[in-house]
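Here the structure comes first, spelled out in structure tokens, and everything after it is commentary.
Every read-out reported here was derived from the displayed coordinates using simple, explicitly stated rules and does not represent laboratory data. Since the model is a prediction, treat every value here as computed from it, not as a measurement. Here the Cβ positions follow ideal geometry from the backbone for every residue, glycine too, while neighbour counts run over all protein chains shown.
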Amino acid sequence: MAKRTLINKLAILADAAKYDASCASSGTSTRNSLGKDGGLGSTEGMGICHAYAPDGRCISLLKVLLTNFCIFDCRYCINRASSNVERARFTPAELVQITLDFYKRNYIEGLFLSSGIIRNADYTMEQMIEVARALREDHGFRGYIHLKSIPEADPLLIRRAGELADRLSINVELPREESLQSYAPEKSGQVIRKAMADVRLSIEDAKDARSSRILKKATPPKFAPGGQSTQMIVGADDSNDAAILDTSTKLYSGYKLRRVYYSAYSPIPDASSDLPPVKPPLMREHRLYQADWLLRFYGFETGEILANAPDGMLDLEIDPKLSWALSNRDWFPVDINKASKTLLLRVPGLGTTSVKRILSARRQTRLGLDDLSKLTTSVKKVLPFIITRDWTPGALTDAQNLRERFAPPPRQLVLL
Ligand code: SF4
């Protein structure tokens, strides 16, 4: 067999990594200026994704697998042992070289590294650590490193990974333990949660050591200063959105996670079937992110968001805050010149930044629609729910057809 070039390997291993949702651009619709419509740019560039650094900056990362070979056979994963995909593997030295080349050319500001399991969890973790070690210690690499840790690996290896990486993540994979047993029998929810708990303790210990030092020049080692995150696959098992959000809430509080990433399950195409491939549930993934945001930053409870969803599924046509507002119209209209921050955060179309701006601006003047248009991006969405100096919605708040103003018009299904 011909030897693969580095670029061949990169094409395979960056493509294989796109199923991991722990970067902001994962799962985006594909757009490419080389297509028939022309244009500028592409979302399909090999392995570059975006993530947020601990200081809130959006950074570009080389997102890649060390290998897509795997001895495990998780049913939801395209890289599982029984999958018929092309395989490739980088040596740690090759991946270090590529990362440095991309970094020096300003293509990336860091590395997001994951891997299938080669031989066993410890061996694979050692290989990933070697990439991070060589970057940090041999080449003085100061860029961002996110390592996807293997929960079955020795805790000492995960500890070492945390000393080298800015962020660690350990995937819970599926929302329920029963689903994990059925879809990934080689994995254990208990082992995954124990590894996440260890990472949480190590992060807290490192923070405590740094804050309690007496001498400023004493510098206790850092441990994953960007925190830890996890990923849940959406749509592989039959868990509904209520179960997913419930699991997320427990994970955030139990392990002090920075993020739970939701990854729409991409069914593996069946080459022998004449049917069109099943599309991943990207809108469901998007609605879960919105609901997750409401739970963490807007003071909502899961029960409120899903109060009108007996099947425990979020509305796909409109966002969860709007859906809640339409079912709770007695809360509105809200006077933006008087309402509390808690109430303003409940208004559809007002994000945390807009609310902050409103609270600050209304100290100087009574706000009208003109002012509001400078403080928020979606005045049209806000109008039925607010009062300003020069606007009251009248009967609009209670209008029967309010939902239709926002929901996409019905479309006829395609004839197959
Ligand atoms: S261990 Fe990871 S790479 Fe291997 S089959 Fe399972 S999900 Fe895929």
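For GLN400 and GLN181 in one chain, what is 0.36 nm times their gap in residues minus the Cα-Cα distance, to one decimal in nm?
In short, 74.2 nm is gained.
How about region 287-343: which trypsin sites (Lys or Arg not before Pro) there are in a DSSP loop, with at most 13 other Cβ atoms within 10 Å of their Cβ?
LYS338
With charges set only on the Cβ (+1 for Lys and Arg, -1 for Asp and Glu), what does the dipole of region 331-406 come to about its Cα centre, in debye to the nearest 20? Before the final figure, lay out each step's value.
Working: 14 positive and 6 negative charges, 69 e Å.
So the magnitude is around 340 debye.
Taking the Cα centre as origin and putting +1 on Lys and Arg beta-carbons and -1 on Asp and Glu beta-carbons, what dipole magnitude results for region 84-161, to the nearest 20 debye?
With Lys and Arg at +1 and Asp and Glu at -1, about 160 debye.
For region 331-406, what does the alpha-carbon gyration tensor say about shape, rounded, prolate or oblate, given a ≥ b ≥ c as the root eigenvalues, a/c under 1.5 as rounded, and a/b over b/c as prolate? Let's see the in-between values first.
Numbers: a/c = 1.76, a/b = 1.61, b/c = 1.09.
Prolate, since a/c reaches 1.5 and a/b exceeds b/c.
With +1 assigned to the C-beta of every Lys and Arg and -1 to the C-beta of every Asp and Glu, and no other charges, what is the dipole magnitude of the chain about the Cα centre in debye, to the nearest 20? Show your work: numbers first, answer last.
Details: 58 positive and 48 negative charges, 351 e Å.
Dipole about the Cα centre, nearest 20: 1680 debye.
Below 8 Å, C-alpha to C-alpha, sequence gap of six or more: please give me the relative contact order for the chain in percent. Could the numbers behind the result be given before it?
Numbers: 648 pairs, mean separation 40.7, N = 416.
Dividing the mean separation by the residue count of the chain yields 10 percent.
What distance in nm separates the two pseudo spin-label positions at LEU6 and GLU94, each 7 Å out from Cα along the beta-carbon direction?
1.0 nm
Residues in region 296-339 near a label at ASP370, defined as backbone nitrogen under 19 Å from the 7 Å Cα→Cβ point?
336-337
Projecting each Cα onto the charge dipole of the chain (Lys/Arg +1, Asp/Glu -1 at the beta carbon, about the Cα centre), which of ASN8, LEU100, LEU306 comes out farthest on the positive side?
Of the listed residues, the answer is LEU100.
Could you tell me which of SER239, SER211, TYR255 has its Cα farthest along the dipole of region 159-316 towards the positive end, charges placed at Cβ (Lys, Arg +1; Asp, Glu -1), taken about the Cα centre?
SER211
What's the FRET efficiency of ARG136 with LYS338 using the Cβ-Cβ distance as r and R₀ = 51 Å, to the nearest 0.05?
Working: r = 53 Å, r/R0 = 1.04.
It comes out at approximately 0.45.
Based on DSSP H runs of at least 4 residues, each adding -39500 (n - 2.57), what is the mean residue ellipticity at 222 nm of the chain after dividing by all its residues, to the nearest 500 deg cm²/dmol?
Value at 222 nm, helices only, nearest 500: -10500 deg cm²/dmol.
Choose one answer from ALA309, ALA153, ALA17: the residue with the largest mean-square fluctuation in a GNM of the chain with alpha-carbon springs under 10 Å.
Of the options given, ALA309 has the highest mean-square fluctuation.
Choose one answer from HIS139, HIS50, HIS286: the residue with the largest mean-square fluctuation in a GNM of the chain with alpha-carbon springs under 10 Å.
HIS139
Give a quick list of GluC sites (Glu not before Pro) in region 296-360 that DSSP marks as loop, anything other than H, G, I, E or B, with at most 16 other Cβ atoms within 10 Å.
Working: sites: GLU301, GLU304, GLU317; in loops: GLU301, GLU317.
Those satisfying the criteria are GLU301, GLU317.
For an R0 of 45 angstrom, estimate the FRET efficiency from the Cβ-Cβ distance between ARG213 and LYS279 and round to the nearest 0.05. Before the final figure, lay out the partial values.
On the way: r = 53 Å, r/R0 = 1.17.
Result of the calculation: an efficiency of 0.30.
Any idea what the relative contact order of region 331-406 is, in percent, if you count C-alpha pairs under 8 Å spaced at least 6 apart?
Relative contact order comes out at 37 percent.
Have a look at ALA195, PRO281, LEU396 and report the one farthest towards the positive end of the charge dipole of the chain, computed about the Cα centre with Cβ charges (Lys/Arg +1, Asp/Glu -1).
Farthest towards the positive end: LEU396.
Is the C-alpha gyration tensor of the chain telling us rounded, prolate or oblate? Criteria: a/c under 1.5 is rounded; beyond that, a/b larger than b/c is prolate, otherwise oblate.
Prolate shape, in that a/c is at least 1.5 and a/b is the bigger ratio.
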